[in-house]
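Following: one structure in structure tokens, then a few remarks.
The values are calculated or read from the model by the stated rules, or taken from the named source; none is laboratory data. None of these values were measured; they are calculated from a predicted model. Every residue, glycine as well, gets a Cβ built from its backbone with ideal geometry; the counts of neighbours run over all protein chains shown. Surface areas here come from the heavy atoms of the whole protein model, side chains and all, with no ligands, DNA or RNA. Shrake-Rupley method; radii C 1.70, N 1.55, O 1.52, S 1.80 Å.
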Amino acid sequence: MKRIIGLLTVTLLLAGCTGNNGIINTDNTDNGKTSKAPEETEEKTEDVVEEISLITEDDVFTEGSTEQLVNPAYPLPETYEPEDLEYVDLLSTQDTYLRSEANAALRELFEAASDEGLELYAVSGYRSYVTQEGLYNNYVNQHGQEEADRFSAKPGTSEHQTGLVMDVSSESAYFGLSESFEETPEGEFVKNNAHKYGFIVRYLEGKEDITGYMYEPWHIRYLGKELAHDVYDSGLTYEEYIESNDISITPVSEVE
């Protein structure tokens with residue numbers, strides 16, 4: 001009987017000295033008392049949300065990319081012409097062309113407007129370097145270079161050469177391209193909905209010193225739905241949005 005009690009006592013002592021890992025704790029530094037193993041605590045880990053940029057330097061500076069930046073600081077070469085241009089088979093004031101992806105998106109935008117009882121018209125899409133050169137020189141002759149530079153791009157610096165841009169209008173705007181388009185139902189629709197189909201109003205009001213051009217509510221640039229939506233939500237010009245993603249670009253104000 002004494003042997004059984006002795007074994008039981010040893011067993012209890014051993015059980016009281018083991019930690020969570022079953023190892024005997026022999027630390028007797030606490031006034032000769034056996035220290036207790038620390039209680040296991042749950043570590044709370046915070047979820048780290050990593051923001052993934054929708055654009056990269058390669059996207060912005062690669063010729064022919066959907067996200068390519070084209071402005072007075074970043075011109076296209078005279079020889080550049082997209083390989084996937086398609087005829088725009090929509091209501092239009094003249095024959096015009098767009099790259100395949102942008103053309104399909106423009107159709108979606110026009111159909112959405114039609115569902116709201118509105119009719120948009122395609123006015124001007126792809127322009128070659130030579131075409132832009134002729135337009136620009138005519139504007140300079142009519143208005144002088146300083147004024148022409150506010151609304152017409154020098155050859156090579158026009159987004160129209162990318163094949164990703166369409167100037168749009170409506171009958172209510174007399175099929176013209178003017179700031180009054182914003183005040184029409186069609187202009188309001190474009191302003192509030194173009195991003196849903198991959199387009200942004202490229203030249204925003206009050207941002208001429210950043211974009212290089214006056215406010216153009218009719219000029220929509222295709223970027224793809226996800227990126228266009230993000231740019232729209234930011235309220236920034238495309239130049240500002242690019243810089244907000246830690247991509248350094250030359251300001252148009254520094255271009256002579």
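Model label sites at Asn192 and Glu133, defined 7 Å from Cα along the beta-carbon direction, differ in position by 4.4 nm. Name all residues of the range 165-188 having a backbone nitrogen under 20 Å from the label point set 7 Å from the Cα of Tyr87 along its Cα→Cβ direction, giving them as ranges. The answer is 165-167, whose backbone nitrogens lie closer than 20 Å to the label point. Percent of Cα pairs in the range 90-144 per distance bin of 5 Å, from zero to the largest separation: 4, 17, 19, 19, 15, 10, 10, 6, 1.
Apolar share of the accessible surface for the range 117-256: 45 percent from carbon plus sulfur atoms, 1.4 Å probe. Applying 0.36 nm per residue to the separation of Asp209 and Ser234 and subtracting their alpha-carbon distance, the gain on full extension is 7.2 nm.
Distance between the pseudo-spin-label points of Glu57 and Arg150 (7 Å out from Cα toward the beta carbon): 3.7 nm.
Extension gain for the segment Glu116 to Ser65, taken as residue separation times 0.36 nm less the Cα-Cα distance, is 15.1 nm to one decimal. Only Cα pairs under 8 Å and 6+ residues apart enter the sum, and on that basis the relative contact order of the range 89-166 stands at 39 percent.
Most tightly packed first, judged by the mean number of other beta-carbon atoms within 10 Å of their residues, the peptides 53-63, 167-177 read 167-177, 53-63. Computed with a 1.4 Å probe over protein heavy atoms only, the accessible surface of the range 101-256 comes to 45 Å² per residue.
In the calculated pair-distance distribution of the range 100-216, the portion above 19 angstrom amounts to 50 percent of the Cα-Cα pairs. All Cα-Cα distances of the range 204-256, cut into 10 Å bins from zero to the largest, leave 22, 55, 22, 1 percent in each bin in turn. Once you reduce the range 138-167 and the range 55-132 to the center of their Cα atoms, the two points are 15 Å from each other.
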